[in-house]
Amino acid sequence: MRQRFVSAAPDRHGLHNLVVHTAIAIGRAQQGHTMTYTLRQTKHLEKAKEFDVATSIFEEIFRKTDIDVAAGEIYYLAQHLMASKKYIDGGEGADQKMQELVMKIIRDIDEHVNIDFSQDQVLIEWLSVHLQTAIPRMKFQMNIRNDVLEVVKSEYPLAFQIAVIASSVIEKEEKVSVNENEIGYIAIHFGAALNRIDIKNDMVIRRALIVCASGMGTALLIKTRLEAYFKDRIIIVGTVAGYTLTEEQIHSVDMILTTIPLPQFQSDRIIPIHHLLDNEELQQLEQRFYLMPHGIQGEITSFFRKDCFYTGRQFDDCQSILNFLTDELREKGLMTEAEKASVFEREQASPTEIGNLVAIPHPIYGDPPESRISILILDKPVLWEKERVQLVFLISIAKDQMASWQSIFLKLFTYLVKNDGVKEMLREPTYEAFIRNFTRQFNT
């Protein structure tokens with residue numbers, strides 16, 4: 001995926017874009033259409049050297065072709081030239097600024113979806129390069145078409161979700177609006193990064209903290225045993241003494257492996273180690289943190305519950321639907337008010353309709369106590385954003401189950417869009433029928 005981004009040489013790409021934008025300006029001039037800019041915008045652009053370059057280009061075009069463009073086209077081309085530059089004035093300062101922004105993005109992603117990209121130098125470098133030109137483009141509100149947007153949204157849902165989180169950081173830090181096409185391009189970088197750290201359909205990565213008394217020898221042995229057994233599926237974030245452990249540290253990882261009692265804390269993430277992680281203890285960890293409960297059937301029924309399956313309802317628009325589904329989860333203690341707001345924020349960033357009468361909304365941020373996917377089958381379709389929707393799946397996933405969510409999402413997408421899932425659900429709108437038919441997809 002990264003090759004798609006870097007395949008063309010930057011100079012050739014930039015020259016091609018310059019020719020395209022110049023041709024667009026000439027075409028507008030010949031058709032009598034004009035670009036308009038405010039007084040404030042024109043004063044800002046006139047101060048830039050790119051304005052002089054754009055003026056020279058159109059003067060030469062007039063001299064050679066006798067085509068005279070409106071003054072607005074000069075501002076338009078100057079705007080494009082400025083957006084094509086490296087961020088600010090280029091050089092090490094720009095590179096450093098972008099890398100700092102990328103690291104903020106990576107920290108935010110780690111906090112919300114429990115995936116750490118901080119050691120991926122390829123991602124840091126190329127996302128920084130991408131943002132150096134993308135952010136000025138956003139500042140000037142220059143639209144860019146993304147021909148692979150729908151593919152990215154449907155085939156790489158986790159990467160797209162991560163890109164939505166990244167875009168919210170960019171909007172906050174840079175005071176710009178990141179549209180859906182730009183989010184799609186950012187998602188390509190994270191899709192490649194996910195492949196590099198080997199998060200596949202059935203891959204789950206857990207974070208562990210080791211707690212010991214004082215000697216580090218025991219902790220080192222436990223760390224070695226964990227890494228040998230789980231390999232790339234576990235990240236040991238550190239080793240601490242019991243008296244220094246904090247609630248914040250407990251909530252930042254999936255498991256606390258301790259050789260000493262910790263009576264001052266009450267958390268199901270604390271796992272006592274009695275036999276220096278012998279094979280039985282390792283297998284217990286495997287069963288608890290990695291294996292699906294009772295096979296795929298257990299995993300599906302842990303996400304999809306009968307008390308979150310709704311039929312026989314009528315709504316006029318997507319706002320009413322989202323309010324209903326999020327309020328239902330809130331009443332069950334499975335969604336906070338902030339997470340509800342995040343569902344609407346996610347919808348505004350990029351509508352979640354996926355075609356074939358289906359929408360799959362979900363929050364940008366959240367870490368509910370239990371993962372849940374609510375299902376609403378409407379009596380009649382409603383207009384979502386651009387398409388009609390009759391089946392709605394509201395996804396609320398705990399961050400330590402993000403990898404499982406990607407697997408479920410891809411199967412759900414295949415079932416609903418590529419197979420006959422929508423017809424089956426509308427023909428037999430019951431929870432039992434859905435579980436039976438959807439589970440069948442995992443055996444194909």
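Since every read-out is calculated from the coordinates, none of them should be taken as a lab result. No experiment lies behind these values; they were computed from the predicted model shown. In this analysis, Cβ positions are derived from the backbone assuming ideal geometry, glycine residues included, and neighbour counts consider all displayed protein chains.
For the stretch 278-394, the C-alpha radius of gyration divided by 2.2 N^0.38 Å, with N the number of residues, is 1.24.
Starting from the exponent 0.38 and prefactor 2.2 Å, build the expected Rg for the stretch 143-275 from its residue count and divide its actual Cα Rg by it. Walk me through the numbers before you get to the answer.
On the way: Rg = 19.9 Å, N = 133, 2.2 N^0.38 = 14.1 Å.
The stretch 143-275 yields a ratio of 1.41.
Within the stretch 206-289, the proportion of C-alpha pairs whose separation exceeds 16 Å stands at 45%.
The residue list ILE162, LEU194, ASN146 was ranked by how far each Cα lies along the charge dipole of the stretch 91-196 toward its positive end, using unit charges on Cβ atoms, and ASN146 comes out on top. Coupling constants for the stretch 243-249 follow from the phi torsions by the Karplus curve (6.51 cos²θ - 1.76 cosθ + 1.60, θ = phi - 60°), and in residue order they are 6, 9, 5, 10, 4, 4, 5 Hz; glycine and proline get x. The label point for THR224 and the one for GLU370, both projected 7 Å from the Cα toward the Cβ, are 4.2 nm apart. FRET efficiency for the pair ALA213 and ASP317, taken as 1/(1 + (r/R0)^6) with r the Cβ-Cβ distance and R0 = 56 Å, rounds to 0.40. Residue by residue, the stretch 149-154 carries 3J(HN,Hα) couplings of 4, 5, 5, 4, 5, 8 Hz when phi is fed to the Karplus relation 6.51 cos²θ - 1.76 cosθ + 1.60 (θ = phi - 60°); x denotes Gly or Pro. Working note: Cα atoms of the stretch 347-387, range along each principal axis, descending, whole Å: 32, 24, 13. As a proxy for reagent exposure, PHE393, PHE265 were ordered by neighbouring Cβ count within 10 angstrom, fewest first; the result is PHE265, PHE393.
Charge dipole (Cα centre; +1 on Lys/Arg Cβ, -1 on Asp/Glu Cβ; no other charges) of the stretch 136-290 amounts to roughly 300 debye.
Here's how it looks for ILE235: its modeled amide H is under 5 Å from those of ARG206, ARG207, ALA208, which are all 5 or more places away or on a different chain.
With N counted as the residues of the stretch 138-178, its alpha-carbon radius of gyration over 2.2 N^0.38 Å works out to 1.28.
Across the stretch 231-259, no residue has a backbone nitrogen under 13 Å from the label position 7 Å along the beta-carbon direction of GLN121.
Residues whose amide H lies under 5 Å from that of TYR310, counting only those 5 or more places away or on a different chain, are ILE375, LEU376, ILE377; hydrogens are built 1.01 Å from N in the peptide plane.
Suppose the chain between SER252 and VAL151 were pulled fully straight at 0.36 nm per residue; how much longer would it get relative to their current alpha carbon spacing?
Residue separation times 0.36 nm, minus the Cα-Cα distance, leaves 33.1 nm.
What the pair-distance distribution of the stretch 115-185 shows, using all Cα-Cα distances binned every 5 Å from zero, is 3, 15, 24, 28, 21, 8, 1 percent. Amide H contacts of TRP384 (H built 1.01 Å from N, in plane; Pro and chain starts excluded): VAL389 sit under 5 Å, all sequence-distant by 5 or more or on other chains.
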